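A.B. asks: Right, I'll just put the structure down here and ask away after.
FYI, it's all coordinate maths here, none of it is from the lab. The structure presented is a predicted model; accordingly, all values stated were derived computationally and were not measured. Note that we place each Cβ from the backbone using ideal geometry, even for glycine, and neighbour counts take in every protein chain shown.
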Amino acid sequence: MSGTKPGTTVRIRLTDSPISRLGYWWATAVGFTWGFIWSTGPIRRRNGLIVFTGMPNWTFGRGGSCVGGCYLTGANDGDRVLGHEAVHREQWRRYGMLFPLLYLIAGRDPLRNRFEIEAGLEAGGYLPRGSAPRRATPRPGRASSTP
């Protein structure tokens, strides 16, 4: 590279960066296309999300899926769940196309998945309303922080 000293490294920031936002917009385009093809219900904008309802069950995971700025669901579109999904939208914005990989690494158990915990387990329908938040249980072979 011209203008840099020998031995100088160029750091590319992958989160909260133009690169992650480009990934967010790509994912949004994919989610929009998928939702446009399969949605049979109203399509509207709520909580900063483009919400596609009336989707066949096989086109999304669990009660619904956030892909970029799109939320794909059959009919699970209440205010509480949309608040939860709006947090996932922000996670997409922060991590871009790294988000699906990081989510996979965090695990399928929503009670241990840091992204689901951040979005709110109760609002996401993973805990009954009014229940106390669950604390992460120690993994086998690790010392517990409580006596």
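A.B. asks: Which one, P100, N57, G74, projects farthest toward the positive side of the charge dipole computed for region 18-119 from Cβ point charges (K/R +1, D/E -1)?
C.D. replies: Working it through, the farthest residue towards the positive pole turns out to be P100.
A.B. asks: Given the peptides 18-25, 68-75, 35-42, arrange them by the average over their residues of other C-beta atoms within 10 Å, most packed first.
C.D. replies: Result, highest mean first: 68-75, 18-25, 35-42.
A.B. asks: Ranking Y103, Y95 by Cβ neighbours within 10 Å, fewest first, what do you get?
C.D. replies: Ascending Cβ contact count within 10 Å gives the list Y103, Y95.
A.B. asks: Can you work out the Karplus-derived ³J(HN,Hα) for every residue in region 20-26? Use 6.51 cos²θ - 1.76 cosθ + 1.60 with θ = phi - 60°, whole Hz, and x for glycine or proline.
C.D. replies: Along region 20-26, the couplings run 5, 5, 4, x, 4, 5, 4 Hz.
A.B. asks: Something else about it: Hey, what do the phi angles of region 83-99 turn into as Karplus ³J(HN,Hα) couplings, whole Hz, using 6.51/-1.76/1.60 and θ = phi - 60°, x for Gly and Pro?
C.D. replies: Computed from phi, the couplings for region 83-99 are x, 4, 5, 5, 5, 4, 4, 5, 5, 4, 5, 6, 9, x, 6, 6, 4 Hz.
A.B. asks: Continuing with the same structure: What does the extension gain come out to for R13 and R112, with contour length at 0.36 nm per residue minus their alpha carbon separation?
C.D. replies: 32.9 nm
A.B. asks: Something else now. Fewest first, what order do V67, V51 take by the number of other Cβ atoms within 10 Å?
C.D. replies: V51, V67
A.B. asks: Once the convex hull of the C-alpha atoms of region 18-119 is built, how many Å³ does it hold per residue, rounded to a whole number?
C.D. replies: Residue-normalised Cα hull volume stands at 86 Å³.
A.B. asks: By its C-alpha gyration tensor, with a ≥ b ≥ c as the square roots of the eigenvalues, how is region 68-134 shaped: rounded for a/c under 1.5, else prolate for a/b larger than b/c, else oblate?
C.D. replies: Here region 68-134 falls in the oblate category.
A.B. asks: Which order results if W26, W34, W58 are arranged by neighbouring Cβ count within 10 Å, fewest first?
C.D. replies: Starting with the residue having the fewest Cβ neighbours, the order is W58, W26, W34.
A.B. asks: Here's a follow-up. Among the DSSP beta bridges whose two residues both lie in region 18-119, what percent are antiparallel, rounded to the nearest 5?
C.D. replies: 75 percent
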